[in-house]
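The values are calculated or read from the model by the stated rules, or taken from the named source; none is laboratory data. Please read all numbers here as calculations on a predicted model, not as lab measurements. For neighbour counting, all protein chains shown are included, and Cβ atoms are generated from backbone atoms with ideal geometry for every residue, glycine included. Just so you know, the surface numbers come from the protein's heavy atoms only, side chains and all, with ligands and any DNA or RNA stripped out. Shrake-Rupley method; radii C 1.70, N 1.55, O 1.52, S 1.80 Å.
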Amino acid sequence: MMQFYLAYQPIIDFFLLSVGFGYSQQIALRAGVFSIATAGFAALGSYCVAILATKTGIPIFLTVILGTALAAAVGGVLALPLARLRGAFQAIATLAFVQIILSLLLYGEGFTGGALGIVGIPREVNTWILLAVVAVTMYVLWNIGRSGMGRVFNALRQEESVASSLGVNIGKYHIIAFILSGALGGLFGGLQSLYTFQIEPHNYGFAFIVNILTVVILGGRTTLLGPIMGALIMALLPEIARPLAENRQAVNGVILILVITFLPNGVGDEIVFWFRRRKQARQQQKRASEKEARDAVSTS
Amino acid sequence: MPSLHLDNVAKHFGGLKAVDEVTMEVRPGEITGLIGPNGAGKSTVVNMISGVLALTEGDITVDGVSLATDRADVVARKGVARTFQNIRLLPEATVLENVLIGFHRREEASILSQLLGLPSARRDTQRFEEKAWDLLRRFRMEDYAEYEAGNLAYGHQRRVEMMRAIAAEPDIVLLDEPVAGMNDVESDELATIFRELAESGMALLLIEHNVGFVTRLCKQVYVLDSGRMIASGSPETVTSDPQVIAAYIGTSGH
Ligand SMILES: Nc1ncnc2c1ncn2[C@@H]1O[C@H](COP(=O)(O)OP(=O)(O)OP(=O)(O)O)[C@@H](O)[C@H]1O
Ligand SMILES: [Mg+2]
């Protein structure tokens, strides 16, 4: 067991971070917000923690809270100018947001270390901490799913006009979705910087955006299992496809196309839907047989 | 129970006067009919009341309070619900989930207690589920609770829309052709429910092409043609009005 853990620890940690970023991406998509701002939130959280941890004596766990709060606040503010945008326009505007953050990090050299980034960040985060934070995140997301907020997010994703005809303040719930996405992005960004020793703007560039989108598209946009399955595939793929290492990007691309074509809801969502449908079929059967029994009694 | 007033309301799309100089009242405890040939402006009236379209002129009030400049969600929170002529469901959600979202404006738990899964959030969900099942039974849809709404037959989809609209017990309900595409048995069932809702004190505005259906249910009927109110009054007065007869014959097929 221990040996397994040591051999695969980097993969497990990568997996857990991807799950966290995946949830940040997912909560926006789930609410019908086509945001790809997660990379920007992650960069904010990560740099906030790195700067505070290397330049001040603030307790580490407080730096993570501050990083999370900063990204959440920026998320909430970002929602305001984007309120009228939908779909592709939202995606492009949030992409512009990521680019603004990255260029601030590049040009704020005195503060952020510019292109070289920040080194010597204390390594305070390990697998267990990541695991615990992922678990807490899942618990909160589970609560959302079972509450009115989850119902509103689902409604907004499927048919905005219906939601507003029932009294849903669309702007308010888009702000909430952005704040949650920002908080999760900032939180896991902060953990990442306390894990990797060194960060640079490049970490949160195009490759990051594509990776996190892939996690959610492969895994699923609506269920808790979605990002887990997506991150699992992304983490295991390089191992399984090691002989194909040189063509890794191509293998990734092919898998993505296959999943989108044959499992359009993503692997995790499809699994959950399958179980749900099975449960529903059983309940229907049960009701039907109860009815038959009742009818039999009443006619006899 | 409040009533709804439209006062000299107009909606112009460029040069097209889709609705012009319309004044009407939808009273509590009654079903008020709104009829007229295709393109008369009936749905436009509903869209203006429900805050989807801005008014070009006039005012819309509930008990003297204006709704004219409110956003759709604000109108809904003031107790005015609606259904859509072109059915709009949450297609991936089950029938039960579609009804549950109808309770949104009755939610009491704060955002924070929802995030933390506190008892207040769970109580909301529980309360709404109980009421949703009552509605499902009332509309004889309980066997379909777990079905995906997008897969339902047309008549059942209309019922889901109805349940969702009345879930939060609005004062005023705007029904845009709620029995279109239903057979006689189905529409009679719904007619009974409409009567019950009116008896419980709600104000219903019923848009319908089937004049017979409207005259059976409504005390007061308004007739729109090309955006203008050409007649109003009891079903008998309205159906014997030469202008109304002309409007219907003029467009034929009705
Ligand atoms: N958003 C819009 N932009 C431009 N014209 C519109 C718009 N909505 C409706 N119209 C026009 O306004 C007129 C009234 O349309 P409306 O949908 O209100 O009629 P209706 O009485 O509901 O008809 P139907 O019985 O077919 O549902 C029509 O001529 C329609 O083409
Ligand atoms: Mg219409």
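Taking the criterion of being touching a Ser or Thr at 6+ places or on another chain (Cβ under 9 Å) and either at pLDDT 95 or above or among the aliphatic types (A, V, I, L, M) (or both), the residues of the range A:53-66 that qualify are A:53, A:63. Candidates A:50, A:42: the one that is closer than 30 Å to residue A:160 by Cβ and either of a type in the set (Asp, Glu) or at pLDDT 95 or above (or both) is A:42. Regarding residue B:106, is this residue away from ligand 2 (no atom under 16 Å from the Cβ) and open to solvent by 20 Å² or more (accessible area, probe 1.4 Å)? Here the answer is yes, as residue B:106 does meet what is asked.
When every residue of the range A:99-122 is checked against the conditions, none turns out to be open to solvent by 60 Å² or more (accessible area, probe 1.4 Å), free of Cβ contacts under 8 Å to residues at least 60 places away in the same chain and within 17 Å of residue A:174 (Cα to Cα).
Assuming residue B:133 fulfils every condition listed in (1) of a type in the set (A, V, I, L, M, F, W, C); (2) crowded, with 20+ Cβ neighbours inside 10 Å; (3) modelled with pLDDT of 95 or more apart from one, which condition is it? Status for residue B:133: all satisfied but (2). Within the range A:187-201, identify whether any single residue is within 11 Å of the chain's Cα centre (by Cα), open to solvent by less than 30 Å² (accessible area, probe 1.4 Å) and at pLDDT 95 or above, and answer yes or no. Yes, because at least one residue in the range A:187-201 is within 11 Å of the chain's Cα centre (by Cα), open to solvent by less than 30 Å² (accessible area, probe 1.4 Å) and at pLDDT 95 or above. Residue pairs whose Cβ atoms lie under 8 Å apart, sitting 6 or more positions apart in sequence or on different chains, and linking a residue in the range A:1-18 that is β-branched (Val, Ile, Thr) to a partner that is at pLDDT below 75 and part of a helix (DSSP H, G or I), are A:12/A:5. When B:100, B:174, B:96 are checked against the criterion of being open to solvent by less than 40 Å² (accessible area, probe 1.4 Å), within 11 Å of another protein chain (Cβ to nearest Cβ), of a type in the set (A, V, I, L, M) and within 16 Å of ligand 1 (Cβ to nearest atom), B:174 stands alone in meeting it. Here A:128, A:142 are screened, and the one residue that is open to solvent by 20 Å² or more (accessible area, probe 1.4 Å) and under 30 Å from residue B:97 (Cα atoms) is A:142.
One residue stands out in the range B:39-63 among those that are in contact with a helix residue (DSSP H, G or I) (Cβ under 6 Å, 6 or more places away or on another chain) and within 14 Å of another protein chain (Cβ to nearest Cβ): the one that is farthest from ligand 1 (Cβ to nearest atom), namely B:51.
Here's a check for you: in the range A:5-39, which residue that is among the polar types (S, T, N, Q) and either over 19 Å from residue A:135 (Cα atoms) or open to solvent by 20 Å² or more (accessible area, probe 1.4 Å) (or both) is modelled with the highest pLDDT? Outline the logic, then answer.
As a first pass, look at the range A:5-39 and keep what is among the polar types (S, T, N, Q): A:9, A:18, A:24-26, A:35, A:38.
Within this subset, residues satisfying the condition of being either over 19 Å from residue A:135 (Cα atoms) or open to solvent by 20 Å² or more (accessible area, probe 1.4 Å) (or both) are A:9, A:35, A:38.
Details: A:9: 88, A:35: 95, A:38: 98.
My answer is A:38.
Give the residue that is nearest to residue B:9 (Cα to Cα), with candidates limited to residues of the range B:206-218 that are at pLDDT 95 or above and away from ligand 2 (no atom under 14 Å from the Cβ). Don't jump to the end; show me each part of the working.
First pass over the range B:206-218, keeping only residues at pLDDT 95 or above: B:206-207, B:217-218.
Then drop every residue that is not away from ligand 2 (no atom under 14 Å from the Cβ), which leaves B:217-218.
Working: B:217: 25, B:218: 22 Å.
Among residues in the range B:206-218 that are at pLDDT 95 or above and away from ligand 2 (no atom under 14 Å from the Cβ), the one nearest to residue B:9 (Cα to Cα) is B:218.
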